[in-house]
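S.K.: First, the structure itself, so that you have it in front of you.
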Amino acid sequence: MAALGPFESSPEMAVAVSGGRDSVALMRLLAQWCRDRQGRLTALTVDHGLRPDSAREADQVALWARELGIAHVTLCWTGLKPRSRVQEVARQARYDLLTAWCRAAGVLHLALAHQADDQRETVAMRRARDPAEMNVASPGLAGMSAVTTRSGVRLVRPLLGVTREALSGFLRDIEQDWLEDPSNRAEKFERVRWRLGRLGRLPDLSEISAAGELRRVTEAGGADLLMRAAEIASAGYALLDLAVLMAASEEIRDLAVGQLIATIGGGAYRPARSALRRDISTVLSGGPVRSLGGCLVGNWRGRVLVAREAAAAREIVRIAGPGEYFWDRRFAVRVGDLQGGSDIAVLGEDGLREIAGIPESAPKLKEVPPLARPGLPAFRDATGRLIRVPFTGFDPFGLKDVLRVRLLPYNSATSGGFTVA
């Protein structure tokens with residue numbers, strides 16, 4: 001934990017606990033760590049509803065948490081469940097629920113139980129998806145960082161250097177039970193096939209650690225490049241100094257621009273390196289606009305522009321009353337006393353045409369690059385009528401203090417840097 005700090009003198013943390021071996025072990029270890037520092041720990045369990053026993057499993061975790069003297073909260077994933085990419089979609093839903101709870105509760109640190117064998121599987125899967133990552137010197141081989149930031153919450157992974165076998169031994173020694181998730185043995189999932197050796201050799205932890213050190217240095221260079229080259233607009237697009245980009249090494253440039261695309265596109269990860277390098281080269285040489293990672297990347301007034309692609313921003317959030325909402329994994333929306341319902345969705349080309357000729361919005365709209373305008377957020381009433389378009393001056397009903405919007409992307413453009421476990 002010392003390597004993942006600094007922490008407050010009396011740290012307040014949350015830990016994600018599914019009931020499996022790894023998360024139960026982490027809950028036990030963190031309970032003692034927090035107790036020793038007069039801190040407070042809350043165990044969070046996501047009831048995903050994908051199996052009949054999910055609610056019972058959450059209740060079991062709650063019982064174990066009570067026995068440890070720590071708080072427990074069950075977060076329910078409601079709505080339609082996916083028929084394909086189940087693990088991927090469920091993982092993202094868990095992160096969204098967990099980080100939303102942490103923000104609402106004012107908890108900065110969320111502990112996750114990824115361990116050494118998870119790390120090896122993750123790296124193997126990444127390398128299989130992108131042949132460019134097969135180079136052992138590539139920072140992409142580094143796997144998961146021990147500290148990352150998502151939606152304003154620090155995700156810490158204290159167990160990345162600990163194996164499954166060691167965690168099993170620890171729990172047996174203290175006579176602590178855990179739950180077995182049948183999906184961990186289902187060979188229809190790629191991760192399980194890697195785990196069972198069906199798809200090849202897993203990378204060694206020494207390889208991953210060496211790549212992690214390289215990644216740490218590269219990320220520092222990427223952060224420095226963004227500091228010198230990038231301007232991130234509150235309207236959710238970014239501009240980059242062309243000369244600074246051209247002077248940077250490909251490795252640093254790929255990482256920095258890839259991170260910026262993840263920030264502007266609301267994605268969880270950077271685009272694949274091969275596609276990223278190809279499209280950046282096209283844009284830097286004056287080529288056409290490229291679509292990558294939910295963004296449009298092109299040139300505007302002598303700078304490189306990264307803007308949200310309107311066609312990729314499909315989410316519509318229904319505003320039912322006062323409170324805080326999140327849209328497109330990029331914007332926080334604070335709603336006051338609004339009369340009647342409203343939706344927030346992408347402005348789109350139709351909406352842009354609707355406001356383009358209005359004198360009140362024309363001056364501010366001109367400040368936004370044309371490529372970025374269709375991807376702006378827009379509020380509509382129940383009839384579909386535009387009632388406010390932030391960042392454009394379009395506010396015919398005077399709602400700017402009732403429907404407030406600020407940029408709060410899922411991925412920050414820079415962070416504390418890659419952390420090697």
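The values are calculated or read from the model by the stated rules, or taken from the named source; none is laboratory data. Keep in mind the model is a prediction, meaning the values are calculated, not measured. No Cβ is skipped: glycine too gets one built from the backbone with ideal geometry, and neighbour counts run over all protein chains shown.
S.K.: Considering region 64-95 alone, what residues qualify as being without any contact (Cβ under 8 Å) to a residue 40 or more places away in the chain, under 23 Å from VAL317 (Cβ atoms) and in a helix (DSSP H, G or I)?
M.R.: GLU88, VAL89, ARG91
S.K.: Looking only at residues that are in a helix (DSSP H, G or I) and touching a helix residue (DSSP H, G or I) at 6+ places or on another chain (Cβ under 8 Å) in region 299-324, which one is surrounded by the most Cβ atoms within 10 Å (Cβ to Cβ)?
M.R.: Ranking the candidates gives ALA310 first.
S.K.: Is there any pair linking a residue in region 254-272 that is on the phi < 0 side of the Ramachandran plot and in contact (Cβ under 8 Å) with a residue 12 or more places away in the chain to one that is among the charged types (D, E, K, R) and in a loop (DSSP other than H, G, I, E, B), with Cβ under 7 Å and at least six apart or on different chains, and which?
M.R.: Correct list of pairs: GLY258/ARG270; GLN259/ARG270; ILE261/ARG270; ALA262/ARG270; ALA272/ASP130.
S.K.: Now for a different question. Consider LEU296 against the criteria (1) among the hydrophobic types (A, V, I, L, M, F, W, C); (2) crowded, with 17+ Cβ neighbours inside 10 Å; (3) in a loop (DSSP other than H, G, I, E, B): it satisfies all of them except one. Which criterion is unmet?
M.R.: Result: LEU296 passes all but (3).
S.K.: Quickly run through region 232-250 and pick out the residues that are out of contact with any Asp or Glu (no Cβ under 6 Å at 6 or more places or on another chain), touching a residue at least 40 places away in the same chain (Cβ under 8 Å) and not small (Gly, Ala, Ser).
M.R.: ILE232, TYR237, LEU240, ASP241, LEU242, LEU245
Listed here are the residues, each with its yes/no results for (1) surrounded by 15 or more Cβ atoms within 10 Å (Cβ to Cβ); (2) without any contact (Cβ under 8 Å) to a residue 40 or more places away in the chain.
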site	(1), (2)
ARG198	no, yes
GLY212	yes, no
ALA230	yes, no
ILE252	yes, yes
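S.K.: Going through PHE391, PHE418 one at a time, which residue ends up being touching a Ser or Thr at 6+ places or on another chain (Cβ under 8 Å), part of a loop (DSSP other than H, G, I, E, B) and either among the β-branched types (Val, Ile, Thr) or modelled with pLDDT of 90 or more (or both)?
M.R.: PHE391
S.K.: Separate question: For region 394-412, check the following and say yes or no: at least one residue is closer than 30 Å to ARG215 by Cα, among the polar types (S, T, N, Q) and not in a helix (DSSP H, G or I).
M.R.: Taking every residue of region 394-412 in turn, at least one turns out to be closer than 30 Å to ARG215 by Cα, among the polar types (S, T, N, Q) and not in a helix (DSSP H, G or I).
S.K.: If you don't mind, another one. Out of ALA2, ALA62, ALA14, report the one residue that is under 26 Å from the mean Cα position of the chain (by Cα) and assigned by TED's automatic domain parsing to the domain that holds ALA100.
M.R.: Details: ALA2 fails: assigned by TED's automatic domain parsing to the domain that holds ALA100; ALA62 fails: under 26 Å from the mean Cα position of the chain (by Cα).
After applying the criteria, what remains is ALA14.
S.K.: Considering ARG303, ARG330, which residue is modelled with pLDDT under 95 and within 30 Å of LEU225 (Cα to Cα)?
M.R.: Just a single option satisfies the conditions, and that option is ARG330.
S.K.: Kindly indicate the residue of region 364-389 that is surrounded by 20 or more Cβ atoms within 10 Å (Cβ to Cβ) and among the small types (Gly, Ala, Ser) and also nearest to ASP401 (Cα to Cα) among those meeting that condition.
M.R.: ALA378
S.K.: For the list (1) in the same structural domain as PHE170 (by TED's automatic domain parsing); (2) outside any loop (DSSP other than H, G, I, E, B); (3) surrounded by fewer than 19 Cβ atoms within 10 Å (Cβ to Cβ), I need the number of the one condition that CYS102 fails.
M.R.: Exception for CYS102: condition (3).
S.K.: Which residue pairs have Cβ atoms closer than 7 Å, lie 6 or more positions apart in sequence or on different chains, and pair a first residue in region 279-302 that is within 13 Å of LEU239 (Cα to Cα) with a second residue that is surrounded by fewer than 16 Cβ atoms within 10 Å (Cβ to Cβ) and small (Gly, Ala, Ser)?
M.R.: Taking only residues 6 or more apart or on different chains, the pairs are ASN299/GLY286.
S.K.: Additional query: Residues GLN38, GLN60, GLN32: which one is in contact (Cβ under 8 Å) with a residue 12 or more places away in the chain, in a helix (DSSP H, G or I) and surrounded by fewer than 21 Cβ atoms within 10 Å (Cβ to Cβ)?
M.R.: Numbers: GLN38 fails: in a helix (DSSP H, G or I); GLN32 fails: in contact (Cβ under 8 Å) with a residue 12 or more places away in the chain.
Every option except GLN60 fails the conditions.
S.K.: When region 271-293 is examined, which residues are found to be crowded, with 21+ Cβ neighbours inside 10 Å and not in a helix (DSSP H, G or I)?
M.R.: Within region 271-293, PRO271, LEU292, GLY293 qualify.
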